[in-house]
Every structure is written in structure tokens, then in C-alpha cells.
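Scroll down for the structure; my scribbles are underneath it.
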Amino acid sequence: MQKEKETRTVLIALSLLDWFSDERQEIGLSEFVQLSGLPKANVLRHLTAMEKCGILRKDEHTKKYYLGYRTLELAYLAKKQIKLREMVLPYMKKLGELTGETICLQVRDDKWGICVERLDPNSALVYLPPIGSREHLHTGASRKVLLAHLPDKRIDEIIKEGLPAAATKTVTDPQVLHREIKEIREKGFAISNSEHVDGVTAISAPIKKDDGTVIASLSVVGPSFRINEPEITKYKEYLLKITTEASKQLGYKENNI
């Protein structure tokens with residue numbers, strides 16, 4: 001019940017942003033109340049919260065609200081993700097045809113991994129990470145690949161913030177995680193089993209741009225009973241070949257870095 005209430009509150013707050021347009025770039029509190037039909041106290045609370053996080057700003061002279069710089073940052077990130085998705089999608093389809101499993105494209109937003117695209121197989125048993133879902137970087141192969149390619153200082157900062165468990169085998173020991181990060185960097189891929197969702201196995205590899213920066217991870221994800229050792233070996237080869245091809249299209253060369 002509490003979660004439903006919180007979700008409803010967020011949706012109401014975001015709905016206020018829909019009133020902005022080319023013709024209406026600044027809106028005052030009273031106008032928001034009139035347009036939305038919401039109580040003034042509720043509207044003010046939502047506007048104040050969005051102002052604090054940079055979504056909105058308020059002109060001190062007119063007292064009207066306008067979109068803040070944080071929206072530009074989000075728009076920039078979204079634009080990059082859309083271009084990335086369009087470029088990687090053919091490779092995802094190819095990988096899906098080869099494996100018959102769910103294929104997931106993840107990017108990093110600060111300390112979170114975000115699923116920006118997912119292709120599902122025709123079989124009944126599939127793993128469905130919701131598009132747009134935000135998860136801790138230490139939970140599962142898809143996100144650990146992104147974590148492993150961050151600077152050591154940033155990794156330490158993220159670890160200090162805590163390593164909550166998402167499933168029975170989530171790595172919550174900093175020393176173990178550091179060892180896995182070293183292995184991922186050396187091998188160029190990550191494998192996880194029941195680290196994000198119980199009974200689910202994932203194999204993931206990075207996609208790199210021209211300067212060697214890892215901008216995304218591509219993963220094969222499915223039920224652990226279906227992705228056993230022979231499949232892992234085979235899928236890993238498919239995955240590494242396809243992520244190498246995708247990275248080359250972005251201008252990456254092996255001798256970079």
C-alpha cells in the first residue's frame with residue numbers, strides 16, 4: 001500500500017511537467033493549480049521537491065517555475081541511449097537468433113545500471129528485466145561489466161555505499177567483488193548465476209567506443225537450468241564476437257587504451 005502511494009505521488013509530480021510547452025515555458029503556482037485541478041498545498045510540495053533535485057527552477061522575480069538544467073542532462077543521456085540502441089539493435093537480434101535467450105542492453109547512470117533495450121525469445125520461460133529498470137551495479141553480470149570498467153576510486157566509493165543483496169548469490173563481500181572485477185577486466189566478460197534473480201544465469205560483455213570507454217554491456221540472460229556449462233561456453237563465444245563487432249562500428253580498435 002505504501003509503495004502504491006509513493007508511486008502515485010511520483011506520477012502526479014511528473015504529470016505537472018506535461019503542462020510545459022513551447023507556448024508555456026514558465027508556469028506559476030496558481031497557474032499549476034488551475035491547470036492540474038490539484039490542491040495548492042499538494043502542488044507546492046511537488047514543485048518544491050522537483051526544484052530541490054534540479055528538475056525545476058524558480059525565477060526569484062516572477063516566482064514562476066521553468067525546466068531546470070537536470071532535464072537537459074537527462075535529455076542528453078536519453079539521446080545518447082536512443083542512438084546506441086538503434087546501432088546495437090541488429091547485433092542484439094543476431095545474438096538472440098543464435099542463443100534463443102533474452103538479450104539485454106544495459107548502460108550506466110552514475111551508480112546504477114539501466115536496461116535500455118531487451119529482446120525476448122519465443123520460448124515460454126524467459127527472464128524479463130523491465131526496460132528502464134535501475135539496479136545496483138554489483139548485482140549480476142550485466143551490471144558488473146559496467147562496474148568493472150569504472151576508475152578504481154569510483155568503484156571504492158560505490159562499494160562503501162553498501163552492497164545490498166538482490167538474490168541468494170549476490171556478491172556482498174567487497175573483497176570478493178574486487179577479485180571478480182579484476183577477473184572481468186582480464187577476461188573481458190562476466191558470468192553470474194542467481195545474483196540478480198534466483199535461478200537466472202547471465203553472460204555479459206562490454207561495448208566500447210572509439211577511445212576504449214565502455215558505454216554499455218550486452219548480455220545473454222535465461223533460466224539457469226537451460227544455460228548450463230556447454231551453453232555458457234558457446235554463448236560466450238557468440239557474445240564476445242558480436243560485442244567486438246559492435247565496438248568496431250563505434251570506432252574501437254584493439255590497440256586503443
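The values are calculated or read from the model by the stated rules, or taken from the named source; none is laboratory data. These figures come from a predicted structure and were not determined experimentally. Positions of Cβ are generated from backbone atoms using ideal geometry, with glycine treated the same way; all protein chains shown enter the neighbour counts.
For the reader, a short list of remarks on this structure follows.
- Output for segment 143-173, where each listed residue is among the small types (Gly, Ala, Ser) and either within 19 Å of GLY212 (Cβ to Cβ) or surrounded by 13 or more Cβ atoms within 10 Å (Cβ to Cβ) (or both): ALA148, ALA165, ALA166, ALA167
- Every residue from segment 1-37 that is modelled with pLDDT of 90 or more and farther than 17 Å from ILE55 by Cβ: SER30, GLU31, VAL33, GLN34, LEU35, GLY37
- If only residues of segment 200-209 that are of a type in the set (A, V, I, L, M, F, W, C) and over 10 Å from TYR252 (Cβ atoms) are counted, the one that is surrounded by the fewest Cβ atoms within 10 Å (Cβ to Cβ) is VAL200.
- Close pairs from segment 14-39: first part of a loop (DSSP other than H, G, I, E, B), partner among the hydrophobic types (A, V, I, L, M, F, W, C) and at pLDDT 90 or above, Cβ under 7 Å, at least 6 apart: PHE20/ILE27; PHE20/LEU67
- The C-beta contact set for segment 183-197 (first residue closer than 24 Å to PRO223 by Cβ, second residue of a type in the set (A, V, I, L, M, F, W, C) and in a loop (DSSP other than H, G, I, E, B), distance under 6 angstrom, 6+ apart or interchain) comprises SER194/ALA167; GLU195/ALA167; HIS196/ALA166; HIS196/ALA167; VAL197/ALA167.
- Any chance VAL176 is assigned to a loop (DSSP other than H, G, I, E, B) and either surrounded by fewer than 22 Cβ atoms within 10 Å (Cβ to Cβ) or not aliphatic (A, V, I, L, M) (or both): no
- Condition met for GLU237 (assigned by TED's automatic domain parsing to the domain that holds ASN122 and assigned to a helix (DSSP H, G or I)): yes
- Of all residues in segment 210-237 being touching a Ser or Thr at 6+ places or on another chain (Cβ under 8 Å) and buried (at least 18 other Cβ atoms within 10 Å of the Cβ), the one that is nearest to TYR91 (Cα to Cα): LEU218
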